[in-house]
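Written out below as structure tokens is the structure these notes cover.
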Amino acid sequence: MHELSLVTSVVESVTQALEDYPGSRVLEVRLKVGALAAVVEDALEFCYGIATEGTPLEGSRLTVDLLPVVIHCEKCAADIELPGVQSFRCPRCGTPSNDLRQGRELEIDSFEIDDVEVKR
Amino acid sequence: MTTRIVELRRGILKKNDELAAGLRNRYSGAGVMVLNLVSSPGTGKTSFLERTLRELAARGSRVAALVGDLETDNDARRLAASGAPVRQINTHGICHLDAEMIGKNLDEWNGVALDRLDYLFIENVGNLVCPSSYDLGEKTRVALLSVTEGEDKPLKYPAMFNSADVAVITKIDLAEACDFDRATTIRNINEIRPGIRIFETSAKTGAGMKEWVEYLRERRA
């Protein structure tokens with residue numbers, strides 16, 4: 001529901017970071033989104049086109065890396081990936097776990113630019 | 001053309017998270033316990049909260065509430081009947097409350113000082129999706145669902161139920177009328193948030209409210 005405000009924040013952050021690379025064009029922005037981040041990939045991509053219009057990010061690609069939930073299982077003494085978000089139990093031994101190690105991420109991982117210095 | 005990858009590794013909600021951390025410090029400095037109530041529209045958050053405010057006040061606690069809705073101040077007026085200070089936040093279309101809205105409303109709330117409160121309740125916008133991502137600096141996130149909503153709600157909205165500290169089942173006075181499957185509901189909640197404390201309440205009859213209020217008093221202590 002709030003994907004537009006999220007991508008607007010992405011555009012602001014990347015635009016700010018871009019100040020260190022004057023004249024460069026953004027080709028791609030890479031996000032990391034956890035399975036429990038409560039956002040929809042398609043909606044992010046749809047909003048991205050709108051949010052980047054008229055900005056230095058216009059025409060760039062948005063890539064979303066979806067991260068599964070990882071819990072720590074005390075019994076197995078290991079971090080274990082869950083196959084979905086319908087049960088927070090260790091898939092190996094069945095022990096329930098509230099110790100979330102991955103799955104809530106909502107972050108800008110990186111962005112790709114054309115390299116102006118080499119181009120010259 | 002050669003290209004270059006710039007690592008950023010920045011949280012998209014970093015600004016909200018920072019503001020929420022500031023609020024958390026502010027709450028703990030003032031000694032007020034803050035709770036964030038989240039549910040679908042129509043679960044009965046307002047009725048549950050009104051009864052909670054009354055019961056806590058009757059036991060000598062100082063309580064107040066911030067209530068979020070897209071439009072209208074109907075909920076604030078209903079809650080104000082409890083006698084507690086209540087402030088409405090209208091988000092005008094935004095699907096959740098965020099830390100900035102809370103900070104601003106606390107600053108502008110004349111006559112209400114956090115250090116003179118024992119409990120501050122934040123009734124979020126009725127929505128089981130977006131509010132799960134927005135930290136309001138609360139100590140306790142309370143996810144509510146009513147007996148009329150269906151046993152699989154926790155499975156349908158795992159992000160919210162997994163982020164909750166407490167679950168409250170509301171309208172249990174209607175359980176029989178809607179063939180409420182208690183065992184399945186509790187099992188589903190536990191599948192998503194193992195071991196979470198669950199209260200079964202009715203704001204109408206008062207059932208379960210005593211246990212809930214005692215829990216609040218223990219958790220604050």
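The values are calculated or read from the model by the stated rules, or taken from the named source; none is laboratory data. Everything quoted here is computed from the prediction, not taken from an experiment. Neighbour counts are summed over all protein chains in view; Cβ atoms, including those assigned to glycine, are modelled from backbone coordinates with ideal geometry.
The table for this structure:
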| item | result |
| --- | --- |
| Residue under evaluation A:D109, criteria (1) facing chain B (nearest Cβ under 9 Å); (2) crowded, with 18+ Cβ neighbours inside 10 Å; (3) closer than 23 Å to B:A164 by Cβ, criterion not met | (3) |
| Lone qualifier among A:V116, A:V64 - being within 12 Å of chain B (Cβ to nearest Cβ) and either more than 21 Å from B:R10 (Cβ to Cβ) or surrounded by fewer than 15 Cβ atoms within 10 Å (Cβ to Cβ) (or both) | A:V116 |
| Qualifying residue in the range A:86-104 (condition: touching a residue at least 60 places away in the same chain (Cβ under 8 Å), away from chain B (no Cβ under 11 Å) and of a type outside the set (G, A, S)) | yes |
| Test: B:R197 is modelled with pLDDT under 95 and closer than 23 Å to B:D118 by Cβ | no |
| Boolean, B:P194 is within 24 Å of A:H72 (Cβ to Cβ), within 14 Å of chain A (Cβ to nearest Cβ), without any contact (Cβ under 8 Å) to a residue 12 or more places away in the chain and not aliphatic (A, V, I, L, M) | yes |
| Tally, over the range B:88-103, of residues that are in contact with a Leu (Cβ under 9 Å, 6 or more places away or on another chain) and within 15 Å of B:L37 (Cα to Cα) | 7 |
| Residue satisfying all of: in the range A:18-59; under 12 Å from the mean Cα position of the chain (by Cα) and more than 13 Å from chain B (Cβ to nearest Cβ); modelled with the highest pLDDT among these | A:E45 |
| Residue among A:E45, A:E107, A:E81 that alone is touching a strand residue (DSSP E or B) at 6+ places or on another chain (Cβ under 8 Å) and touching a residue at least 40 places away in the same chain (Cβ under 8 Å) | A:E107 |
| Residues that are farther than 26 Å from B:D17 by Cα and in contact with a strand residue (DSSP E or B) (Cβ under 6 Å, 6 or more places away or on another chain), drawn from the range B:150-165 | B:K153 |
| Unique residue being touching a strand residue (DSSP E or B) at 6+ places or on another chain (Cβ under 6 Å) and closer than 30 Å to B:A57 by Cβ when the list is B:V168, B:V147 | B:V168 |
| Top-ranked residue in the range B:1-41 [being assigned to a loop (DSSP other than H, G, I, E, B) and loosely packed, with under 15 Cβ neighbours inside 10 Å; ranked as farthest from the other protein chains (Cβ to nearest Cβ)] | B:G31 |
| Residue match in the range B:63-77 (condition: within 14 Å of chain A (Cβ to nearest Cβ), farther than 19 Å from B:V166 by Cα, under 17 Å from the mean Cα position of the chain (by Cα) and among the hydrophobic types (A, V, I, L, M, F, W, C)) | yes |
| Given (1) over 19 Å from B:V166 (Cα atoms); (2) within 14 Å of another protein chain (Cβ to nearest Cβ); (3) of a type outside the set (D, E), number of the condition B:A81 does not satisfy | (2) |
| Number of positions in the range B:180-221 that are of a type in the set (D, E, K, R), farther than 18 Å from B:P154 by Cα and in a loop (DSSP other than H, G, I, E, B) | 1 |
| Only listed residue being in contact with a helix residue (DSSP H, G or I) (Cβ under 9 Å, 6 or more places away or on another chain) and closer than 19 Å to B:R26 by Cβ, chosen from B:L144, B:L128, B:L117 | B:L117 |
| Residue in the range B:165-179 that is without any contact (Cβ under 8 Å) to a residue 12 or more places away in the chain and within 14 Å of chain A (Cβ to nearest Cβ) present | no |
| Tally, over the range B:120-139, of residues that are within 22 Å of B:G208 (Cα to Cα) and touching a Lys or Arg at 6+ places or on another chain (Cβ under 7 Å) | 1 |
